[in-house]
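The values are calculated or read from the model by the stated rules, or taken from the named source; none is laboratory data. Worth saying up front: this structure is predicted, and the values here are computed from it rather than measured. Here the Cβ positions follow ideal geometry from the backbone for every residue, glycine too, while neighbour counts run over all protein chains shown. Surface accessibility is based on the protein's heavy atoms, side chains included, excluding ligands, DNA and RNA. Shrake-Rupley method; radii C 1.70, N 1.55, O 1.52, S 1.80 Å.
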Amino acid sequence: MAFSRCRTTSSTLFRSLWRRLGVSQVQRLKRLSLASSLRRRFDNRSGLGLPLERLENWLEARPSPKSRCLRTTYARCSSLRSSSETDAQDALPRRIEAAACRREESTSASSVSLKDASSPEYGTSSCLSNTACRGLHRSTPVRRRPRNMTPYRPPRNDVDYRHLVDNELPKIIQKLGLGPAAVLALNPQQAGPTEQAKKAYLSWLAAEYHGTMEYMARPDRIERCLNYERILPGVRAIIVTSLFYWPGKSGFPSPMNATSSDRGTVSCYAWGEDYHQVLGRKLKQLAEQVHAYAGGQGRYYVDTGALLERHIGEQAGLGFVGKNSLLIHPRLGSGFFLGEVLTTLPLPNKRPEVAGRGGCGRCRKCLTACPTEAIVQDRVVDARRCISYLTIELQGPIPLEFREPMGSMIYGCDICQRVCPWNQFDWQGRFESPLFGAVPRNVAEPDLLALIDLNEPTFQQIYASSPIRRIGLERLQRNAIVALGNVGSVERARPRLCRLVEETASDLLREHAQWAIKRIDQRQQQQQQQQPIGAPSLQVAGDAQRSPLESSASMINPASPLDAQNNTK
């Protein structure tokens, strides 16, 4: 066909003129040739029996990126048929030219990103012409630079890296409102975790402690986890930062009593905006400012990449990994988010000044307090038993053996942190989260019956910026139903659960609601057996209304010397 011959001729012409005219001129010629050839096709054949349906079939038969762009343009123009088919045929070539112009801008951005990347994986300046030519003329997809990777800049020869680490980097971190930070220099010959950390991670996977999180056991992810060169080619150092969210020992809502049952418990890290977004924005600015100052390239992560974050934080000197497997700062506890910036700059080590020695010693409070016995040994957690995994990561039904120990937890768990002696302090001058501030009680302890009545639009509106949005409405209601079975009142919770069994179309929610009804009846029978004859009946059994955290709170020593040490922070 004429169009195919024109397309072949023009592609040959573009390849021959590539080095003479440059990227922008070739793209402009290609756009004009595409628009003119389509105009000729419409002008010559539209009036001779080529309806728009033929054009639609012609576009659908071509899976190239160019045809996808044309199909989008055709879909926009098809609405004009009802008014005038002639107007649609006249407007289509003009809109195709506009769509090609937009694609030119997108391709130009891809070419720039290829030029910016420093590794062969994302293209280099030496192979830019071949890579870009394939993307322009052969419809081969061009791999773009990841969003969490900064553009490549030539390293500056006049930069004093010790001055950067000791003076410039702390200023940037303080301006961004980040917590303690450290720099870990990597061995160019073996950029990865220590052999001990590798064995521990592989053993954890071999024991299948990761549960249904199958992505953690993918071979490509394991390879990146054990070799940082697979994440950022040429990586030479890691900047480890922190962002504190812990509200202090007095920043949690008061324990629930018998008159305020039917409320769930949300982990304190989810009281505000999603930390991936909050810390991600700060890490992006940190990476951009550091590499704008010294050149090179970086890539940042917030609990999303194949990195052993707590091991990296311990290596860098931010703290020690406790028996609950969390990274603990010797003066500020474990209530903080971790973020990493991998960089190709050869930064020297920079360990923060930490007063005192770290370690758990003979303390076993977190192991004793965990209601599901998820901490199987020191520094090893079986995720399949952890309440955080059960309420967030697990997509199917919650195992029966863990429903009652979950108590009122509906998203995450803070038990092992609240009983930890290293977290027994309050921030100076306030009893609230340094990141989220004072939050309403309905955020930390939402009404469970209100969660049961949520619909999808309302859920998306309420939790639009919250990490809770990730688990979806059905799983949130599943968790709320289990909590109602443990702390729900007979008068309010049981009738609503009975209605839910009849009304819901979800088999998952129906099965959990049936269990919750039986659990409430069981609690009521236990209450009646333990209650003296003639005593007034209570709404909720005393033991059932207490969360596992309240039961373990007595293990905290209020006279611990850590209180006096950390109350001034």
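Points to keep in mind about this one:
- If only residues of the range 445-460 that are open to solvent by 80 Å² or more (accessible area, probe 1.4 Å) and part of a helix (DSSP H, G or I) are counted, the one that is nearest to Ser489 (Cα to Cα) is Glu456.
- Selection count, the range 360-411, where residues are farther than 20 Å from Asn479 by Cα and either hydrophobic (A, V, I, L, M, F, W, C) or free of Cβ contacts under 8 Å to residues at least 12 places away in the same chain (or both): 12
- Here Leu169 passes the criteria (1) farther than 14 Å from Tyr293 by Cα; (2) of a type in the set (A, V, I, L, M); (3) out of contact with any Leu (no Cβ under 8 Å at 6 or more places or on another chain) except the one numbered (1).
- The helices (runs of 4 or more DSSP H) located wholly in the range 148-230 that include 1 or more residues which are more than 22 Å from the chain's Cα centre (by Cα) and free of Cβ contacts under 8 Å to residues at least 60 places away in the same chain occupy 169-176, 195-206.
- Any hit, the range 292-299, residues being closer than 24 Å to Ile222 by Cβ and open to solvent by 30 Å² or more (accessible area, probe 1.4 Å): yes
- Lone unmet requirement of (1) open to solvent by 20 Å² or more (accessible area, probe 1.4 Å); (2) part of a loop (DSSP other than H, G, I, E, B) for Ala306: (1)
Each row is one residue, and each column tells you yes or no for (1) of a type in the set (S, T, N, Q); (2) touching a residue at least 12 places away in the same chain (Cβ under 8 Å); (3) over 18 Å from Glu393 (Cα atoms).
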site	(1), (2), (3)
Pro446	no, yes, yes
Leu454	no, yes, yes
Thr458	yes, no, yes
Ile462	no, no, yes
Leu473	no, yes, no
Gln477	yes, yes, no
Ala480	no, yes, no
Val487	no, yes, yes
Arg492	no, yes, yes
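- Residue list for the range 428-449, filter: touching a Lys or Arg at 6+ places or on another chain (Cβ under 7 Å) and more than 19 Å from Val482 (Cβ to Cβ): Gln428
- Residues that are closer than 28 Å to Ile375 by Cβ, open to solvent by 30 Å² or more (accessible area, probe 1.4 Å) and free of Cβ contacts under 8 Å to residues at least 60 places away in the same chain within the range 313-353 comprise just one, Glu314.
- Listed conditions (1) touching a residue at least 40 places away in the same chain (Cβ under 8 Å); (2) touching a Leu at 6+ places or on another chain (Cβ under 8 Å) are all met by Arg310, apart from (1).
- Of all residues in the range 173-189, none satisfies being over 21 Å from Val341 (Cα atoms) and either modelled with pLDDT under 95 or open to solvent by 30 Å² or more (accessible area, probe 1.4 Å) (or both).
- Residues of the range 203-231 that are more than 21 Å from Gly396 (Cβ to Cβ), touching a helix residue (DSSP H, G or I) at 6+ places or on another chain (Cβ under 8 Å) and open to solvent by 70 Å² or more (accessible area, probe 1.4 Å): Glu223, Arg230.
- Of all the residues in the range 404-444, those that are assigned to a loop (DSSP other than H, G, I, E, B) and over 29 Å from Gly359 (Cα atoms) number 6.
- If you filter the range 385-404 down to residues that are more than 24 Å from the chain's Cα centre (by Cα) and open to solvent by less than 30 Å² (accessible area, probe 1.4 Å), you find that the one that is nearest to Leu205 (Cα to Cα) is Phe402.
- Selection status of Tyr152, more than 22 Å from Phe337 (Cβ to Cβ), at pLDDT below 95 and touching a helix residue (DSSP H, G or I) at 6+ places or on another chain (Cβ under 6 Å): yes
- Residues in the range 355-384 that are in a loop (DSSP other than H, G, I, E, B) and hydrophobic (A, V, I, L, M, F, W, C): Ala355, Cys360, Cys363, Cys370, Ala374.
- Failed item, numbered, when Arg299 is tested on (1) part of a strand (DSSP E or B); (2) among the basic types (Lys, Arg); (3) within 30 Å of Ile410 (Cα to Cα): (3)
- Consider the range 354-384 and keep the residues that are over 25 Å from the mean Cα position of the chain (by Cα) and acidic (Asp, Glu). The one that is most open to solvent (accessible area, probe 1.4 Å) is Glu373.
- In the set (1) at positive phi; (2) open to solvent by 10 Å² or more (accessible area, probe 1.4 Å); (3) at pLDDT 95 or above; (4) not polar (S, T, N, Q), the condition left unmet by Glu474 is number (1).
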